[in-house]
Amino acid sequence: MQRDKFFKEIENVRHPNETLVKTHCSYCGMQCGMNLRVNTLTNKIIGVEPRYDWPVTVGKMCPKGVTAYQQTNHDDRILKPLIRDDASLKGTKEGFREASWEEAYDLIAKKFTEMQKQYGNDTLSVFSGVSMTNEKCYLTGKFARVALGTRYIDYNGRFCMSSAAGGFLRSFGVDRGSTLPWTDIHETDCLFIAGSNTAECHPTSMFRVWNVQERGGYIIVADPRETPIARRADVHLDLKPGTDLALANGILNLLIQNGYADEEFVNQHTNGFEETKELVKEFTPEYTSELTGVAPEKIIKAAEIYGKAPNAVVMFARGIEQQHKGVDNVSGYTNMALVTGKIGRPKSGVATFTGQGNGQGGREHGQKSDLLPGYRKITNPEHVKEVCQVWGITPDEMPEPGVSAYEMFELMEEKTIRGLYLLCSNPAVSAPNLNFVRKALKGLDFMVCADFYLSESAEFADVVLPTVTWSEDEGTVTNLEGRIIKINKAQEPLGESKPDWQIQAELAERLGKGKYFSHLKTAKDVADEFRLASKGGYADYYGATWDKIDKQDGVFWPCKDENDQGTPHMFLDKKFYHPDGKAKICALPYRPPAEEPDEKFPLRLTTGRVVYHYLSGNQTRRIPFLRDMCPEPFVEVHPETAAKYKMEHEERVRLFTRRGEAIYKVKITEAIRKDTVFVPYHFGHEQSINLLTIAALDPISRMPEFKACAAQLEKVENAEMKKVQ
Amino acid sequence: MTKKRLYLELENCIGCRSCLAACTQCGGHEERNRNYVYDVNPLVNRQTMPLMCLHCVNPACARSCPAQAIQIHETGAVLSALVEKCIGCQNCTIACPYGIPKFDTEQNLMYKCDLCIDRTKDGIPPMCASVCPSNTLQWLTDEEIENKKQQFNLDNGKWVTSLPYLEGETNVKVNLPGILQGVTKLF
Ligand code: SF4
Ligand code: SF4
Ligand code: SF4
Ligand code: SF4
């Protein structure tokens, strides 16, 4: 399926006493194919071999993927449950002792039961993540609602994909991250890429991206920084952080004014055109330039290229989504495709670069505060009934919707929530406004953390449960195309670690809810129940059996039954998922970032990734090669700005905002705007940039504005002098 | 088996250093990497490029070796120093026009790119070209390389992309940055 010109039949190297286990990378949404090399004498993972037969990535991997196997047998693995008896040590690594699973389960069951008796079911919360299989994500939603009976469950996708989800739902009525398979990308004529540092965050897309230019096509990049992809772009729209919506409106205006609107498509398949046309009129190149800081000529050129291109794909990522108008930005850029009709056919469409490995699947099946499996709504009685039938509970037993990830910390602070079960996430690094979040975690009565390394967040826990890495369990993941793929087990769990689904089933038993979970003995059992629970929802996985995934090189959802091969291209019939079958062109008034620079804080701070690290860095900072390549964060500063502040390359300086401060090494580079500084977010403790970021949330997606806030720089000696005075 | 070669398209490099990470994974590499990736002008922009052994047809490294520790494989790959022969004089590191051979002071032994001979002797691409996400490093037939050279051949006074060779004939083929200057746009 979808084998293209990059695909070559290549044999793998096989060493003596080794077998290769086909699987995918543990990290980003690209989910590159890889073979894990397993020593057949020790049954341990010892290395990696490219997976040339995976059609999306044909053997390619970034350095994270190449070294991912080193996670499994790493010295830092937690091998037994840990209990900390002295709560005064919370917030440190100290005081943990090894315990048996029995003791850990007993303690958790006792605490959870006592707390719920005293404060009600909703005193407990579950904070989850999407760097794990669909089966685990699905069961976590059921665990929270059925085993714990709490409304408070949410997940780290609120810091990642929730704006894309919100925007797609509004524009298309469905949230599938890409409307087309990645094997189409290199065949298009124009890529319009906004807020994606593709070369560092989704590197294995790059051979397709560059091929567009090799064929004579165009790449347009909107980014405040001259990232490796922006450096080679035909047009680099170097906008101020947080001004995307103005740029999107400005380009849409030019597309309409210059006759690039596809009237037939707009009339037959969309709503909202006239209203939007009126709204964007104001966004002339000059006005757009004033708001965004991008030269008018560049805006005109970008609009002309996108307008003229026979086929084009609009792509974006966290740069536009991690804003307090992230949903509007997504719908704003999506408007370009809807107005010009460049969607619903091969080689044209809209895609977001999913951040986490299972950022797509993990958001569809009930870890979000208001969602149930199959992308059902917990507020829709019909949907609740359908899921209750699978779960064996009655609709009145189904908890109400909860609140979003960041808002859970607010509820912890005010003691509405007193207990936390944390898994697959490290919010003590990845959440915004960390001084507040860390205080909330420290103030909890009781916290459990399930992880395979002792993360910065685990430092706040009373009990730490050892989970397995991705290579010690099996299940499905949905990659950034919306393709359901299979992760395979290459090694038995290290030490006493267990997969999350097993831990949750066993814990449910202790909590007296065994009858809802005891039939789930293997990952496959969970998979079968999960497919059934998604059946009939619009993210329908029922037909995506493990067999079919294997035979077809993955299955694109929706896939409704045995005979359905899945849906690589969305909307080929020009039918969108709103009740009237039409897409929505959205009229979106511009709003500036929540916090604009001023005299005290004249710089714009933006954050992001480097190629060597993944998310909070809990995994990648432990891998020697990756750590050596990027051992600590830095602040990128333009040479003119550095000169103004009298700062040298590599000097340590203090960066601060209204919420926090940190010391960073200066990295001088012309590849950033003069009014903007950048810091990567993968680092813990006192060097977390999220100590400084703002928790201004998008009204729809509840996504915090990681990408823009007001900051100031200062030389360390000046800061120290002030302290002395 | 059609002969394939390592081909470099320097314009494409995104500086991810996956080639370095992957080099450690080839059998017989003792988990040490054997190539280099340079930041061309780090204070200015993000341009990077790999610096690889070009597997010279008449390699200066091997010629300079007084102990004949550097063997040339029948595929043309210029191999890493033989442990039993290398005397640690480091002549090769000086002789190579690109400074490719690395030196292990503890073992008193030179080590360099062997073109992943464990793989390439059977026509399997080397690790670096297998993983390179940007197609800076590719494993191609002579015909494919010829097509690339023609497509990207450019000498417009400003950019020269395809030189016959840099310093003498090499088994690895290179296109210098600038290839896009010669591409005809679709529209
Ligand atoms: S981190 Fe992403 S791009 Fe890198 S190897 Fe893993 S899946 Fe591929
Ligand atoms: S793997 Fe490729 S893109 Fe990455 S640094 Fe090496 S040559 Fe450059
Ligand atoms: S590039 Fe240097 S190390 Fe490689 S074969 Fe030529 S002389 Fe030897
Ligand atoms: S060809 Fe093999 S040995 Fe040479 S640099 Fe590439 S990966 Fe390393």
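Coordinate-derived values only; no laboratory data. Keep in mind it's a predicted model, so treat the numbers as computed, not measured. Positions of Cβ are generated from backbone atoms using ideal geometry, with glycine treated the same way; all protein chains shown enter the neighbour counts.
Highest mean first, the peptides A:320-330, A:87-97 sorted by other C-beta atoms within 10 Å per residue fall in the order A:320-330, A:87-97. Gain on full extension, evaluated as 0.36 nm per residue between B:ASP104 and B:LEU166 minus their Cα-Cα distance, stands at 19.6 nm. If the chain linking A:GLN389 and A:LYS521 were pulled fully straight, counting 0.36 nm for each residue of separation and taking away their Cα-Cα distance, it would gain 45.5 nm. Give the residues of region A:56-96 whose amide nitrogen is closer than 13 Å to a point set 7 Å from the Cα of A:ARG627 in the direction of its Cβ. The answer is A:71, A:74-77. Residue by residue along B:26-37, Cβ atoms of other protein chains within 10 Å of the local Cβ number 1 on average. Of all lysines in the structure, those lying under 23 Å Cα to Cα from A:LYS415, and not within fewer than 8 positions of it along the same chain, are A:LYS90, A:LYS110, A:LYS111, A:LYS117, A:LYS368, A:LYS439, A:LYS442. Computed from the C-beta positions of A:HIS74 and B:VAL57, the FRET efficiency with R₀ = 45 Å rounds to 0.55. Segment A:LEU41..A:GLU382, full-extension length gain: 117.4 nm, with 0.36 nm per residue of separation and the alpha-carbon distance subtracted.
For chain B, the relative contact order works out to 30 percent when only alpha carbon pairs closer than 8 Å and six or more residues apart are counted. The antiparallel fraction among DSSP beta bridges confined to chain B stands at about 85%. With contacts taken as Cα pairs under 8 Å at a separation of at least 6 residues, region A:16-69 carries a relative contact order of 32 percent. If you plug the beta carbon distance of A:ARG14 and A:TRP101 into 1/(1 + (r/R0)^6) with R0 = 56 Å, you get a FRET efficiency near 0.90.
With each pseudo-label sitting 7 Å past Cα toward Cβ, what's the A:GLU413-A:GLU720 distance in nm, one decimal? The two pseudo-label positions are separated by 3.3 nm.
Of the beta bridges in the protein assembly as shown, as assigned by DSSP with both residues counted there, near 55 percent are antiparallel.
When the helices of chain A are scored as -39500 (n - 2.57) per DSSP H run of n ≥ 4 and the total is divided over every residue, the value at 222 nm lands at -8500 deg cm²/dmol.
If a/c stays under 1.5 just call it rounded; otherwise compare a/b with b/c (prolate if a/b is bigger, oblate if not). Do that for region A:233-366, with a ≥ b ≥ c from the square roots of the Cα gyration tensor eigenvalues.
Values: a/c = 1.61, a/b = 1.18, b/c = 1.36.
Oblate, since a/c reaches 1.5 and b/c is not below a/b.
Placing +1 on the Cβ of every Lys and Arg and -1 on the Cβ of every Asp and Glu, with no other charges, gives chain A a dipole of roughly 400 debye about its Cα centre. For the peptide B:7-13, the mean number of other protein chain Cβ atoms found within 10 angstrom of a residue's Cβ is 3.
Once C-alpha pairs closer than 8 Å and six or more residues apart are averaged by separation and normalised to the residue number of region A:317-391, the relative contact order reads 15 percent. FRET efficiency for the A:PHE7 to A:SER88 pair, using the beta carbon distance and R₀ = 56 Å, is estimated at 0.45.
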